[in-house]
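What follows is calculated from the coordinates using simple rules that are stated; it is not laboratory data. Small disclaimer: the values here were computed from a predicted structure and weren't measured. Cβ: placed from backbone, ideal geometry, glycine included. Neighbour counts: every protein chain shown.
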Amino acid sequence: MKRAMITGNSAAAWGARLAGAEYVPAFPITPQTEIIETLAQWIDRGEMECGMTTLESEHSMITAAASAAATGIRVFTATSSQGLLYGMEMLYTVSGWRAPFVMVNVSRGLASPITLEPDHNDILAARDSGFLQLHCATCQEVLDCILIAYRLAEDERVRLPVIVNMDGFHLSFTREPVEIPDRDTVDHFLPDFEPGNVRFRASEPVSQAVTVLGGALYSYFRYEMHLAAMNALSAFDEIAADFTSVFGRRHELVESYRTGDAELVFVMIGSFATKARAAVDSLRRAGVAVGLMRPLLIRPFPRDRIREILAGKKGVAVIDQNLSVGMGGVLHTEVASALYGLPDAPLVLNSFIGGLGGRDISAEEFYEMASVTTKAVSDGRSLPPRLLFTGQELAEVRRLQEIAKSGRKGGNGGKGES
Amino acid sequence: MGKAKAEDFSSIKDIPSIHTLGTGTPLCAGCGGLEAISQICDILGDKSVIINAAGCMTLLAVYPFTPFRGSWLYTAMASAAAGAQGVRDALDILLAKGRLPAEEDLATVVLAGDGSSCGIGLSATSAAIDRNLDFLYICYDNEGYGNTGQQASAATPHGARTATSMGVNGYPGRKKDLFAIWAAHRPAYVATVAGAEPLDLSRKIAKAMEIRGPRLIIALAPCPIGWEFDPSETVKIGKLAVNTGVWPLKEYIGGKVTHTFIPRRRSPVEEYLKAQGRFSHLFEPHRNEELLQEIQRGVDEYWEGDIRDVR
């Protein structure tokens, strides 16, 4: 074991290396590229025994990843944002192959407008694909979750591919202290991949991913996927307990921070939740009874654990780093569905949209969200989704719009306004 | 099987008389694609994994049945070649690590239609050739999106009526030269075949199986439904395609294109066109002399050029 200051991307590469990934189909995309570059360098230097092929698209990359997994080897791959969406057809397709592998997604806002900075619309677009999803908040979690993800994906009760998600820039390019375990220690936690009957051998011909005719057969296989995904909830608890016994670190299905006696709870996923955690500490010092709930798994959705944590709370503020256009926050909707029918459900479930395209969420905004939610509790009703934006930001946008309008000398008649 | 050599096939009697592909598939009666694939499988043998792109042949393996003796993996319409990459890479890794005995190895074979091969899947195929992937790619060319009811694809011939080109002049575009596109990548092998010419087909598949690297086969797939002819005439249509010069039988190897059959006296293309409902608008209610001559001229120009340089 060694401790090092490494980026989230480097932690992801270490996760793949320590997991003994045998094959990495790759395609570059910011802010993920450092992962595949790191792996390529290790392979070239002979430090990692692994095959690597650069495909011509993420659609092909995900196809190759799943095809290799379906042939019976341990596979790792990584993508981001537009790449994840370009491969979306194959996400839905290959999850049904029941050939487990692990993919890292480095979250980045989706076009349009095109940007490089993070939010969660990319990964949440894959919500219903059949891939399980783990959302990391720290670089250490990135490494640990990849190891856990292989156990989860390969568990015979589950057998589904897993996406480990981290935020672009805020984790991918940010150095944090990370404990990098020895391969021998990892071997105690993660045994070699046992493909079972999902493999190709000349003496045992198999047909994989064949056509079905009729809704009953189709439904049967889709239901099987769902039940297998649900099995991952209890499997996760077992695997996380094993992880703690081998490595000492503890990972919960849902992190709850100072929620025990809290009246208000922030709900967030990913690295921005660490900002909420800091805000909780500040608000606690000011006498506000607030806590933070952070689901690590989004698929399968840890409904029961969320109900346990939020039961009896007065107000909940779900802060979504995504925007379902015409609806609001995706996580808010999911939490609302989990709480429906709970006898002592929180009175108020407020929705806030923030952190889109890397936009910061300041400490003051957390205080404001706490105060708005406290008022909503005393008013006795939840508010419609609120879009976080400051007067200062609006003034800056207006200034840039003026520049866009004025255009080159002579102008363009104001047609450049967007 | 699977170890046949091209020189083993000197007469029609050398072709396997016992066919390995199972019967009773849901494919249409008289399917020219299946005619070719059945013959290809006889040479290919059962130590193979067929990686399929969405199309007519996706309906060959319908749970819980398959007509293949070997293995099968359905992928999607655009990425069968990438699927072949993943399987081949994984098999090679297993072989290198000693976890797969050599006798358990499989030939990696893509099976895709012309719609996939010429359009949505061309990028993945081109990239697989760039990477020098060791695989056999079989394109069954029924000259349209056959499985969805014969809409025009990039492989539809000029003038043909399809579900999306119903006008008096049929399909306005020109058939994409997939052979030339593939040959331009300088792969290990490219060939055209027709099920109606089994000896030529068997030699080419056997030759392809002796070579490593990207090997690509375009099989003419006369389609009774889409081309509008009686299912009993599939072989006749195939013979006409070859004898009129519409479907040149050729191969590319080592940078050189060779025609494996040169019709000594080409029959008029009209004989081929008249036999198919998809060209009936060229003859009824009025004879479209201009378009008929244009189609004939296209074939003549191909053969009258220096065919050694013709891709």
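May I ask you to list the trypsin sites (Lys or Arg not before Pro) in region B:1-45 that are in a DSSP loop and have at most 13 other Cβ atoms within 10 Å of their Cβ?
B:K3, B:K5
Set the Förster distance to 35 Å, then compute FRET efficiency between B:H286 and B:F261 from the Cβ-Cβ distance, nearest 0.05.
0.50
Say we join alpha carbon atoms closer than 10 Å with springs in a Gaussian network model of chain A; which of A:E117, A:E365, A:E58 then has the biggest fluctuation?
Ranking A:E117, A:E365, A:E58 by mean-square fluctuation puts A:E365 first.
Quick check: from the Cα gyration tensor, does region B:6-304 come out rounded (a/c under 1.5), prolate or oblate?
Cα axes put region B:6-304 in the prolate bin.
Once the Cα atoms of helix A:391-406 and of chain A are each reduced to a long axis, what angle between those two axes, in degrees from 0 to 90 to the nearest 10, is obtained?
Its long axis makes an angle of about 80 degrees.
For chain B, give the share of DSSP beta bridges that are antiparallel, in percent and rounded to the nearest 5; count only bridges with both residues there.
Percentage antiparallel, nearest 5: 25.
How many nm is it between the label spots at A:Y220 and B:L59, if each spot is 7 Å from the Cα in line with the beta carbon?
Reported label-point gap for A:Y220 and B:L59 is 2.2 nm.
Taking the Cβ-Cβ separation of B:K274 and B:S17 as r and a Förster radius of 51 Å, what is the calculated FRET efficiency to the nearest 0.05?
With R0 = 51 Å, the Cβ-Cβ based efficiency is 0.90.
Report, in whole Å, the centroid distance computed from the Cα atoms of region A:208-231 and region B:136-181.
Rounded to whole Å, the Cα centres lie 35 Å apart.
Which trypsin sites (Lys or Arg not before Pro) in region B:251-290 sit in a loop by DSSP (not H, G, I, E or B) and have at most 11 other Cβ atoms within 10 Å of their own Cβ?
Within region B:251-290, the qualifying trypsin sites (Lys or Arg not before Pro) (loop, at most 11 other Cβ atoms within 10 Å) are B:R264, B:R265, B:R287.
For A:G357, what charge total do you get from the other residues with a beta carbon under 13 Å from its beta carbon, if Lys and Arg give +1 and Asp and Glu give -1?
For residues surrounding A:G357, the net value is -4.
Compute the relative contact order of region B:6-304 as a whole-number percentage, counting only Cα pairs closer than 8 Å that sit 6 or more residues apart in sequence.
So the answer I get is 18 percent.
Expressed as a rounded percentage, what relative contact order does chain A have, with Cα pairs under 8 Å and six or more residues apart?
About 15 percent, as a whole number.
Between region A:1-60 and region B:212-285, what is the separation of their alpha carbon centroids in Å?
48 Å
Run the simple label-point estimate for A:M327 and A:R408 please: 7 Å along Cα→C-beta, distance reported in nm.
In this crude label model, A:M327 to A:R408 measures out at 4.4 nm.
Report the trypsin sites (Lys or Arg not before Pro) located in region A:141-250 that are in a DSSP loop and have at most 14 other Cβ atoms inside 10 Å of their Cβ, or state none.
Sparse-neighbourhood loop trypsin sites (Lys or Arg not before Pro): A:R157, A:R175, A:R249, A:R250.
Say we join alpha carbon atoms closer than 10 Å with springs in a Gaussian network model of chain A; which of A:A229, A:A126, A:A216 then has the biggest fluctuation?
It is A:A216.
Treating only the Cβ of Lys, Arg, Asp and Glu as charged (+1, +1, -1, -1), what charge dipole size does the protein assembly as shown show about its Cα centre? Round to the nearest 20 debye.
It comes to approximately 720 debye.
Per DSSP helix of 4 or more residues, -39500 (n - 2.57); summed, then divided by the residues of chain A. What does that give at 222 nm, rounded to the nearest 500?
-13000 deg cm²/dmol
Determine the shape class of region A:1-44: with a ≥ b ≥ c the square roots of the Cα gyration tensor eigenvalues, call it rounded for a/c under 1.5, and otherwise prolate if a/b is greater than b/c, oblate otherwise.
Verdict is oblate for region A:1-44.
Roughly how many Å is it from the Cα centre of region B:59-106 to that of region A:249-305, as a whole number?
Their Cα centres are 45 Å away from one another.
Work out, in µm²/s and without decimals, the Stokes-Einstein translational diffusion coefficient of region A:254-387 at 25 °C, 0.890 mPa s, Rh from Kirkwood over C-alpha pairs.
Calculated translational D: 170 µm²/s.
Want the number for A:A286 to A:L400: 0.36 nm per residue separation, take away the alpha-carbon distance, what's left?
Between A:A286 and A:L400, full extension yields 37.2 nm more.
Considering region A:1-123, what Rg and Dmax in Å follow from its alpha-carbon atoms?
So, for region A:1-123, Rg and Dmax equal 14.2, 43 Å respectively.
Have a look at A:E141, A:E402, A:E368 and tell me which one the Gaussian network model of chain A (Cα, springs below 10 Å) gives the largest fluctuation.
Looking only at A:E141, A:E402, A:E368, the biggest GNM fluctuation is shown by A:E402.
Step through the table entries B:K3/B:K204; B:K13/B:K239; B:K47/B:K239, compare each Cα-Cα distance with 25 Å, and write down the pairs that go over it.
B:K47/B:K239
Spin-label point model (7 Å from Cα, Cβ direction): what's the A:Y367 to A:R250 distance in nm?
Here the modelled spin labels are 3.2 nm apart.
Choose one of A:C50, A:P295, A:F272: the residue whose Cα lies farthest towards the positive end of the charge dipole of chain A (beta-carbon charges +1 Lys, Arg; -1 Asp, Glu; about the Cα centre).
Among A:C50, A:P295, A:F272, the one farthest towards the positive end of the dipole of chain A is A:F272.
If you take all C-alpha pairs in the protein assembly as shown, what percent of them are over 53 Å apart?
Here the tail beyond 53 Å accounts for 23 percent of pairs.
Among B:L240, B:W72, B:G33, pick out the residue whose Cα is farthest towards the positive end of the charge dipole of region B:6-304, where Lys and Arg carry +1 and Asp and Glu carry -1 on C-beta, about the Cα centre.
Positive-end residue among those listed: B:W72.
Of A:I36, B:I93, how do they rank once you tally other Cβ atoms within 10 Å and put the fewest first?
B:I93, A:I36
Would you list which lysines come within 26 Å of A:K275, measuring only between C-alpha atoms, while excluding same-chain residues fewer than 8 positions from it?
Qualifying lysines at Cα under 26 Å: A:K313, A:K314, A:K375.
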